[in-house]
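Chemist: Following this message is one structure expressed as structure tokens.
FYI, it's all coordinate maths here, none of it is from the lab. The model shown is predicted, which means the values in this text are computed figures rather than measured ones. Here the Cβ positions follow ideal geometry from the backbone for every residue, glycine too, while neighbour counts run over all protein chains shown.
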Amino acid sequence: MTERFTELHSWLYAALLQPLLFQWDLMAWAELAYEWSELFLLGAIEVVVLWALLRPLEAFFPVERWEDRGPTRVDVIYTLLARLGILPIFFFIVLQPAVDMVHAALRLRDIIPPNLEDLLPVLQDRPWLSLLAYAVIFDFVDYWRHRGEHSIRRWWALHAVHHSQRQMTFWSDEREHLLGQAIAALLRAGVALGIGVPPADFLVVTLAAGALESLSHANVRMSFGRIGDRLLVSPLYHRTHHALHHNTTTNLATLFPIWDVLFGTADFSRTFQPTGIDDNQNYGHGFWQQQWLGLTRLLAKVEPGNR
């Protein structure tokens, strides 16, 4: 599979992207285009696999059935932008200079950020244990970022775009305001720089976490049981966080509910509830409308909803 993926990646770049770059006099971007083409292929494979696995579950074991699935279509746009590498490459171009500046400042002061393996020798020569450690650290940071999105008024104005979906499906995971996604990307980049996460490991953790987050947003009547829901975020556990007229400052963990347990935000209710936020905070059904309302409400200091 690895060989076939490499062959497909090489063909995509050599047959399609490289000629376009040469024709448009953009060969200075060749290395970035090569990296993006890999992200594109990996993301496309992930989207197809998730659709093949999760869409049947939503069809046969749904929490809700809708005659009109129109409101879910915009979430497909968000997912394709994020998973096909379009937003990651954009954020890379925008944020990389800031990361490089920090890295250069550290080098000038003879400060070399230690790798996590240097701090925890038990991780050396144990790649899967290292990946798990990276996932735990990123999830810890995501918990506090997510908590901030629900407790800081201006930040909530952006994050409310995510919660405004009344027809939540596995496509809804990436439904986020672009500015909110940029903030999250900058935080992850800073953490990755600080603990020396190799790019390949960062990609693996990101893909695995994305798949689990898609599952947790799925419109499927599923939990991992009373014990399993305390180990990994399930569709039931996360749906409680999205529940309409519910305290959305609970179940803030992205992957591991242990953070909610430790910091007092866990709610292990066993009821599948409708999702969304109050109508007075509706963000509409269009991508650009949602982006515009997020910005205008950010400036207007919208109160955090459903608290």
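Chemist: Report, to the nearest 10°, how far helix 86-108 tilts away from the longest principal axis of the Cα atoms in the chain, using its own Cα long axis and a range of 0 to 90°.
Modeler: With rounding to tens, the tilt is 60 degrees.
Chemist: Using the Karplus curve 6.51 cos²θ - 1.76 cosθ + 1.60 with θ = phi - 60°, what ³J(HN,Hα) values do you get for each residue of the range 116-126, in whole Hz, with x for Gly and Pro?
Modeler: So the Karplus estimates, Gly and Pro as x, are 4, 5, 5, 6, 10, x, 4, 7, 5, 6, 10 Hz.
Chemist: With the dipole of the range 50-299 worked out from charges on the C-beta (+1 for Lys and Arg, -1 for Asp and Glu) around the Cα centre, which of Leu231, Leu132, Trp66 lies farthest toward the positive end?
Modeler: Farthest towards the positive pole: Trp66.
Chemist: What distance in nm lies between label points placed 7 Å from Cα along the C-beta direction at Trp51 and Leu207?
Modeler: Computed distance between label sites Trp51 and Leu207 equals 1.8 nm.
Chemist: When the dipole is taken about the Cα centre of the chain, and only Lys, Arg (+1) and Asp, Glu (-1) are charged at their Cβ, what size is it in debye, to the nearest 20?
Modeler: Approximately 940 debye in magnitude.
Chemist: Can I ask one more? When the expected Rg is taken as 2.2 N^0.38 Å, what fraction or multiple of it is the alpha-carbon Rg of the range 50-299?
Modeler: Here the Cα radius of gyration is 1.04 times the empirical estimate.
Chemist: Under the definition of Cα pairs under 8 Å and six or more residues apart, what whole-number percent is the relative contact order of the range 50-299?
Modeler: In percent, rounded to a whole number, it is 26.
Chemist: Which length gain, in nm to one decimal place, applies between Leu179 and Asp267 when the Cα-Cα distance is subtracted from 0.36 nm times their residue separation?
Modeler: My answer for the length gained is 28.8 nm.
Chemist: Counting only chymotrypsin sites (Phe, Trp or Tyr not before Pro) that are in a DSSP loop and have at most 13 other C-beta atoms within 10 Å, tell me the longest site-free stretch of the chain.
Modeler: Excluding the exposed sites themselves, the longest stretch runs over 67-262.
Chemist: While we're here: In nm, to one decimal, how far is the modelled label at Ala15 from the one at Glu3, with both set 7 Å along Cα→Cβ?
Modeler: 1.9 nm
Chemist: Hey, another quick one. Measure nothing but the geometry: give the 0 to 90° angle between the long axis through the Cα atoms of 127-151 and the longest principal axis through the Cα atoms of the chain, rounded to 10°.
Modeler: For helix 127-151, the angle is close to 50 degrees.
Chemist: Still on this structure: Take every Cα pair under 8 Å in the range 115-187 that's 6+ residues apart, average their separations, divide by the length, and report that relative contact order as a whole percent.
Modeler: It rounds to 20 percent for the range 115-187.
Chemist: What trypsin sites (Lys or Arg not before Pro) in the range 1-101 are in a loop by DSSP, with at most 12 other Cβ atoms within 10 Å of the Cβ?
Modeler: Those that pass, being in a loop and sparsely packed, are Arg65, Arg69.
Chemist: Helix 178-195 versus the longest principal axis of the chain: what is the Cα-based angle in degrees, 0 to 90, to the nearest 10?
Modeler: Here the helix axis deviates by roughly 50 degrees.
Chemist: Report the residue, chosen from Val220, Val191, Val161, that carries the largest GNM mean-square fluctuation when the chain is represented by alpha-carbon nodes joined by springs under 10 Å.
Modeler: Among Val220, Val191, Val161, the largest GNM mean-square fluctuation belongs to Val191.
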